[in-house]
Amino acid sequence: MTDTHFRFAEIEYGNSPADEKIVGVFRFEQQNNKQGPQHIVVAEVFSTLYAYERLLDLISTTVDQSRALTSGMTIDAFARFEKLIQRINEAVQSFEEKEPTPINWSRVNIMIVECSQGQLCVSGHGSLMNIYLQHKEDKTYQAFDLCGSLEQPAAADSKKIFSSVLCGDMKPGDLFFLGSSNFDRLKEELSIKQKLMTEPPISAAMEIKQGLEKAGIPDDFAGIIISCHAANQAGKSQPAEQPKKNQAQESMRQLIDNELNTSQTLAPLLNPVKNNKPSSLAPAPASVPPAKNGSGNSWLWIWLGKLKKIKKAKTPPLTPAAETTMRGLDAGHKNLFTTGRKIAIGALAILMAVSVITYSTVKHNKEVAAEQTQWEEAFNQAADFRNRAESSLMYARDSQTKSEIKSSEEIIAGLDLSTPDRQERTAKLQSELDQIKEKLRKAYTASGIIELYSLPATAPDGQLSAPVLTEKSAYIADNTNRLIVKIDLNSRAALNIALPEKATKIVSGAIGDKSLVFLDDSGQFIALNLETDAIQALNQFNKTTSTQDLAIYNQRAYILDGVQGQIHRLSKTGAGFGSPANYTAAGENSAVNGVSLAIDSNVYVGKSDGTVVKLLSGKQEPFSLGTVDPPLKSLSAIWTETDDSRLLATDPAEKRLLIFDKNGLLSAQLSSPEFTALRDVTGRLGEKRALVVSGNRLLIVPLP
């Protein structure tokens, strides 16, 4: 919608007795009334430290500089605004790295708005009072909390403070009020919504400010009203300039006419043999045909006219004496190709050749220019897809990124590469696409890996199992020596705790309220006290054909039977866990071939073929892991926890540790020479490290 324009009405009121916070509205417009995007920054900082003033100056300067760079881009408003927010995030990250005073982002509320081409784009951090009033056809308004739709993480990420972007059409009649958070508690008293719907924006702003002054609120307020209006009708176009006459051709015609008239006048003096009577003069030559205005063949017409005059010229009759003399000289016949005619024919041939060459050259140049223009348009379109792919990658839209990379490469494949310049530019663009594809793989090499425990090389494979990570210790089951090994994470000191006599091979472990709970392959529960390190055998669950994994959630034990595709749920009792029940609904077989189990409020089952299914109340929910390069075709273990946004998985075939979010999108894939036969993985809420069982080694792996 480019037939609209925006108007702004600011509200600023300062009446705070103490200098405790910074509030303000910053507007950035095009210079000299030029059309272009307009930017607004509304800030509210509950601190007066100099570091926060420098932060606001940095954001304002970055917006002012970046909008000048992005306003001329031939891309849509959303992509341009994404570029602007990306530059601001990079500037804020660099500022935090250099600033000695730490920034407490819970004290900062800031919103950035762009108004351009009938669209309103918003990004921000924190919370400000805002009302978006959408004008409906029945002359009423519908209110929205626009800034509340911005997705913001629970903890601020210094690498991407402004984490999300909203863009949409703003139609004539729509209003958007954005102000400091203290407006929220006074919106009913000041009747902000009613004033916006009934008064013009400037009148509404003045009445709101007068209401603040009348109430005498001892606080500082800042806000802005943005309204969208239909654009005025464009002015009438000026009449086109009349083309000028071809003065050069007119002068040449006059020169030729004067030359012919002079030749006729001086003919009796220059040729005394001819009859001097006026009646014997050669007839006046016809006028030269007018040259076509703007034609490249005007000289050709002039020479054709001269040739015509030569043909029409007649020799005057000879006297008897002259005839006798001519017969004596054997000159009874005249030669057709006289010197004058030869000169005229030669000149005509040269001019025709020049005309043909000129026409061919001009035509070829036009064809080359048209082909180059078409090539540039295709190349720019491919580059635009590359820019879009980069923006989509920055905001974790992986599928859209892949689609845009594919579109760009399809255009590149059809480009002509006949010149070195085209080859160089195309190779550079393809290199940039390859870099984006490599970033899309999100592949990293894990570093800083520490070995906590290992078995001798002669020990059979797969003897370490059931890793558990607590705040200060790591636990692992050593089935070769029938031990539970406790390792202090700080000192690396190991404590060996013998398993009970009736215990068989330990397959899994989980954290309970005050104890660790381990499960062997016969269904025997074993409890290890976290404070005293005392170990004891609990009851045994023998109503399962196989035991692949154990998870504890909400004081209940969940046991995965991958052979039957069943998950058994047992309630906690005094002697262990009893009252078993089937968790999966009747006819639900999605857990068949399951090898690992993880629970937050949903139940996740990892399967040996590399897929993960999600269950809720025993029924399968729509869920799948995103695309991974190379594809995920095997899986040995998964882990997640309530309130943790990560889903960890081990891929033994590709020897890598994968990190997904709860939507199934890949966040990172870690590889290392330390990874051999990956068997199990576990983590802890908020920890930037994970326990990984690789062969007969227990590793602690830092996470990105």
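The values are calculated or read from the model by the stated rules, or taken from the named source; none is laboratory data. Model, not experiment: these values are computed from the prediction. Please note: Cβ atoms are built from the backbone with ideal geometry, for glycine as well, and neighbour counts cover all protein chains shown.
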Matching residues in region 439-454 - criterion: being surrounded by fewer than 18 Cβ atoms within 10 Å (Cβ to Cβ) and closer than 16 Å to Val628 by Cβ: Lys439, Arg441, Ala443, Tyr444
Hey, any hits in region 634-654 for a residue that's farther than 22 Å from Pro467 by Cα, in a loop (DSSP other than H, G, I, E, B) and modelled with pLDDT under 95? no
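Residue-by-condition table, conditions (1) crowded, with 17+ Cβ neighbours inside 10 Å; (2) among the charged types (D, E, K, R); (3) modelled with pLDDT of 90 or more:
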residue	(1), (2), (3)
Ala79	yes, no, no
Glu82	yes, yes, no
Lys159	no, yes, no
Phe162	yes, no, yes
Pair list, Cβ under 6 Å, 6 or more apart: region 366-388 residue closer than 23 Å to Glu82 by Cα, other residue acidic (Asp, Glu) and crowded, with 17+ Cβ neighbours inside 10 Å: Phe385/Glu404; Arg388/Glu404
Tell me, which strands (runs of 3 or more DSSP E) lie completely within region 527-596 with 1 or more residues that are within 51 Å of the chain's Cα centre (by Cα)? 549-553, 556-561, 566-573, 576-582
Do the conditions hold for Ala389, that is, is it loosely packed, with under 12 Cβ neighbours inside 10 Å and among the aliphatic types (A, V, I, L, M)? no
For region 117-145, give me each residue that is among the small types (Gly, Ala, Ser) and crowded, with 22+ Cβ neighbours inside 10 Å. Ser123, Gly124
Going by the structure shown, is Ser636 in the same structural domain as Asp513 (by TED's automatic domain parsing), surrounded by fewer than 18 Cβ atoms within 10 Å (Cβ to Cβ) and not β-branched (Val, Ile, Thr)? no
I need the full set of residues from region 93-109 which are touching a residue at least 24 places away in the same chain (Cβ under 8 Å), within 26 Å of the chain's Cα centre (by Cα) and surrounded by fewer than 21 Cβ atoms within 10 Å (Cβ to Cβ), in order please. Gln93, Phe95, Glu96, Trp105
If I ask for residues that are in a loop (DSSP other than H, G, I, E, B) and touching a strand residue (DSSP E or B) at 6+ places or on another chain (Cβ under 6 Å), which ones from region 608-630 would you list? Ser608, Phe623, Leu625, Gly626, Val628
Taking the residues in region 148-161 that are of a type outside the set (A, V, I, L, M) and assigned to a loop (DSSP other than H, G, I, E, B) as candidates, determine which candidate is nearest to Ser645 (Cα to Cα). Pro153
Qualifying residues in region 1-26 (those that are within 18 Å of Glu53 (Cα to Cα) and loosely packed, with under 13 Cβ neighbours inside 10 Å) - the one modelled with the highest pLDDT: Gly14
With Ser164, Ser106 as the choices, which residue is in the same structural domain as Gln38 (by TED's automatic domain parsing), part of a loop (DSSP other than H, G, I, E, B) and at negative phi? Ser164
